[in-house]
1. For the range A:284-332, enumerate the residues that are among the polar types (S, T, N, Q) and at pLDDT 95 or above.
2. Go through (1) assigned to a helix (DSSP H, G or I); (2) within 14 Å of another protein chain (Cβ to nearest Cβ); (3) among the small types (G, A, S) for A:G225 and report which single condition fails.
3. Please find, within the range B:46-104, the residue that is surrounded by the most Cβ atoms within 10 Å (Cβ to Cβ) out of those that are β-branched (V, I, T) and over 18 Å from B:R27 (Cα atoms).
4. Taking only the range A:230-240 into account, find how many residues are surrounded by fewer than 19 Cβ atoms within 10 Å (Cβ to Cβ), away from chain B (no Cβ under 14 Å) and in contact with a strand residue (DSSP E or B) (Cβ under 6 Å, 6 or more places away or on another chain).
5. Just one of (1) under 25 Å from the mean Cα position of the chain (by Cα); (2) surrounded by fewer than 24 Cβ atoms within 10 Å (Cβ to Cβ); (3) more than 15 Å from the ligand (Cβ to nearest atom) trips up A:P243, so point out which.
6. Which members of the range A:293-318 meet the condition of being among the acidic types (D, E) and within 20 Å of B:G60 (Cβ to Cβ)?
7. Find all pairs meeting these conditions: Cβ atoms under 7 angstrom apart; at least six residues apart or on different chains; first residue within the range A:294-307 and in contact (Cβ under 8 Å) with a residue 40 or more places away in the chain and on the phi < 0 side of the Ramachandran plot; second residue among the hydroxyl-bearing types (S, T, Y) and near the ligand (Cβ under 8 Å from one of its atoms).
8. So how many residues does the range A:367-379 have that are crowded, with 17+ Cβ neighbours inside 10 Å and in a loop (DSSP other than H, G, I, E, B)?
Amino acid sequence: MPQRIVILGGGTGGTMVANRLRRVYSASEATISVVDRDDRHVYQPGLLFVPFGLARVEDIVRPRRRQFRRDVNFYESEVEQVDLDEHRVELADGTRLPYDVLIVATGVRLQPEETEGLTGDGWRERMFTFYDVPGAEQLAAALERFDGGRLVVNIVDLPIKCPVAPLEFAFLADAYFTERGIRADVDIAYVTPLDAAFTKPVAAERLAGLLEEKHIELVTEFSVGEVDGAGGKIVSWDEREEPFDLLVTVPLHAGAGYVSRTEGLGDDLGFVPVDPHTLQSRVRPNVFALGDAAGVPISKAGSVTHFEGEVLTENVRRFLAGEELDASYDGHANCFIETGFGKALLIDFNYETEPLPGRFPSAVGPLPLLKESRLNHLGKLMFQWLYWHALLPGRDLPGISAQMPSHGKEHHPEHV
Amino acid sequence: MTTTEIAGTPVERDAEGFLVDPSQWTREVAEEIARENGIELTPAHWQVVQFMRNRYLETGSAPSIRSLGKESGVPIKELYQLFPKGPAKLAAKIGGIPKPRGCI
Ligand SMILES: Cc1cc2nc3c(=O)[nH]c(=O)nc-3n(C[C@H](O)[C@H](O)[C@H](O)COP(=O)(O)OP(=O)(O)OC[C@H]3O[C@@H](n4cnc5c(N)ncnc54)[C@H](O)[C@@H]3O)c2cc1C
């Protein structure tokens with residue numbers, strides 16, 4: 001009997017791992033099934049560019065099924081529940097999928113309705129998110145109409161996927177209004193629940209410097225308790241207020257609903273606790289998780305999902321072969337941060353090392369870390385091609401390894 | 001990382017003042033850390049601090065502010081009155097457990 005591998009979620013992580021596992025096992029050795037609720041695979045980093053007319057939705061969405069190798073079974077349905085004791089997944093359309101190994105890759109669920117007032121008056125009229133396709137498109141239209149006033153870019157609460165995306169949005173908004181010749185009529189504020197521009201000190205300092213240079217106001221330790229769409233303001237739990245004419249918010253995130261419905265599988269927000277180095281679930285040895293769905297102490301990002309996928313593939317193989325797991329995932333994350341006007345920053349970090357300045361060794365030569373450059377911007381653009389043609393098919397990216405390179409980084413004694 | 005003496009016992013703390021080892025925590029340590037942060041602990045504070053700490057010891061991670069609001073018996077708005085600015089962070093610090101993971 002072939003081994004049965006079931007993957008929940010056919011986004012970045014699910015697709016990549018399905019394709020990698022397909023190369024490990026012949027069709028007679030293992031069946032590989034992927035479940036997703038729809039057939040539209042979105043290149044999510046592209047959502048950042050849609051509001052500014054720098055990308056179109058049709059350029060960043062492709063059919064999911066077409067991203068899989070031969071002999072990957074695709075089920076288009078909502079996941080309803082997992083039976084951890086019977087080793088079986090139940091889908092909304094009634095299908096039952098028994099598994100020998102289960103891989104959770106269902107990412108996050110946006111919950112704007114969890115914040116009082118956010119989905120009330122003004123939602124999708126003067127209050128938007130660019131974290132989903134309809135939101136990014138509506139925001140594009142709203143930005144075009146916007147000719148002055150106060151733009152507030154906000155994170156309701158952490159964790160969120162791609163924690164730098166809202167910062168990038170603020171930087172790109174600065175460039176967008178400058179290019180339209182109306183920057184002087186627009187106030188931009190970046191309102192965050194964190195006590196700084198970013199979670200890690202060295203990067204936070206540099207990013208705060210950039211915000212200041214670009215005349216973007218930084219408001220910290222602001223946790224949104226309520227949104228007043230009609231009155232045009234967000235109100236924090238401790239009763240401070242920030243007025244807006246246009247609100248761009250990143251709503252609360254949680255894991256998929258079935259994770260919470262499956263006793264023991266998820267934590268209090270519906271993320272799946274796993275060993276941070278092997279990605280094996282703490283609830284059952286034959287359950288693994290990766291990407292945004294996994295509860296590990298590192299940013300939720302495509303790069304993280306990618307590096308995790310390499311280690312996870314190897315661990316599924318070892319698990320099924322009865323071998324000891326490979327505990328080599330180190331939390332490596334690598335993110336380009338668009339800063340506008342054709343430039344970007346690069347940060348590279350892991351569980352132990354915060355983002356530091358220096359140089360990142362890459363196939364196209366060293367990329368400057370934590371410093372604006374055109375090369376980094378080109379890197380970010382090139383990544384879209386690599387995503388569809390190398391990352392999803394499960395090919396190794398030249399010169400980029402799952403483990404963080406430590407050479408090239410400038411360690412400052414006061415921060416280590 | 002520095003070792004300081006609180007209420008007669010040496011405790012190790014990280015750069016932000018969180019205890020490195022949750023087992024070094026005592027009620028006196030909690031009171032002292034609270035005082036450093038301008039808080040005099042009332043029964044309502046203790047309810048939250050104990051909830052945080054127990055949840056951490058049971059599950060290995062501190063609850064988020066959202067589940068704190070839903071499950072500790074103290075609504076989020078009041079949490080902000082008890083622990084100004086960052087309830088989850090402050091209650092974790094006072095409860096002698098690591099900084100909540102949301103912050104990454
Ligand atoms: C605006 C934006 C910009 C970003 N920019 C970057 C960037 O520059 N660099 C970077 O590294 N990362 C970036 N990211 C993050 C990156 O896109 C994600 O971290 C990555 O896609 C996570 O992969 P995943 O497989 O975990 O989840 P996803 O790719 O989101 O896939 C999850 C899949 O599960 C499916 N699903 C969920 N629940 C169910 C259910 N109950 N039943 C059936 N199917 C279900 C969904 O339909 C989805 O296809 C960005 C994200 C956004 C939103």
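1. The first filter runs over the range A:284-332 and keeps only residues among the polar types (S, T, N, Q), leaving A:286, A:299, A:303, A:305, A:313, A:315, A:328.
Passing the criteria: A:N286, A:S303, A:T305, A:T313, A:N315, A:S328.
2. A:G225 satisfies all of (1) assigned to a helix (DSSP H, G or I); (2) within 14 Å of another protein chain (Cβ to nearest Cβ); (3) among the small types (G, A, S) except (1).
3. At the first step, the residues of the range B:46-104 found to be β-branched (V, I, T) are B:48-49, B:59, B:65, B:74, B:76, B:94, B:97, B:104.
From the residues that got through so far, the ones that are over 18 Å from B:R27 (Cα atoms) too are B:59, B:65, B:74, B:76, B:104.
On the way: B:T59: 13, B:I65: 25, B:V74: 20, B:I76: 16, B:I104: 19.
Residue satisfying both the conditions and the ranking: B:I65.
4. Keep residues of the range A:230-240 that are surrounded by fewer than 19 Cβ atoms within 10 Å (Cβ to Cβ), which gives A:230-231, A:233, A:235, A:238-240.
After this cut, where a residue has to be away from chain B (no Cβ under 14 Å) as well, the list is A:230-231, A:233.
Those left that are additionally in contact with a strand residue (DSSP E or B) (Cβ under 6 Å, 6 or more places away or on another chain): A:233.
Matching residues across the range A:230-240 total 1.
5. Of everything listed in (1) under 25 Å from the mean Cα position of the chain (by Cα); (2) surrounded by fewer than 24 Cβ atoms within 10 Å (Cβ to Cβ); (3) more than 15 Å from the ligand (Cβ to nearest atom), A:P243 misses just condition (1).
6. Just the residues of the range A:293-318 that are among the acidic types (D, E), to begin with: A:308, A:310, A:314.
Within the range A:293-318, A:E308 is the sole residue that qualifies.
7. A:G302/A:T12; A:T305/A:T12
8. 2
The values are calculated or read from the model by the stated rules, or taken from the named source; none is laboratory data. Small disclaimer: the values here were computed from a predicted structure and weren't measured. All Cβ positions, even for glycine, are placed from backbone atoms using ideal geometry, and neighbour counts span all protein chains on display.
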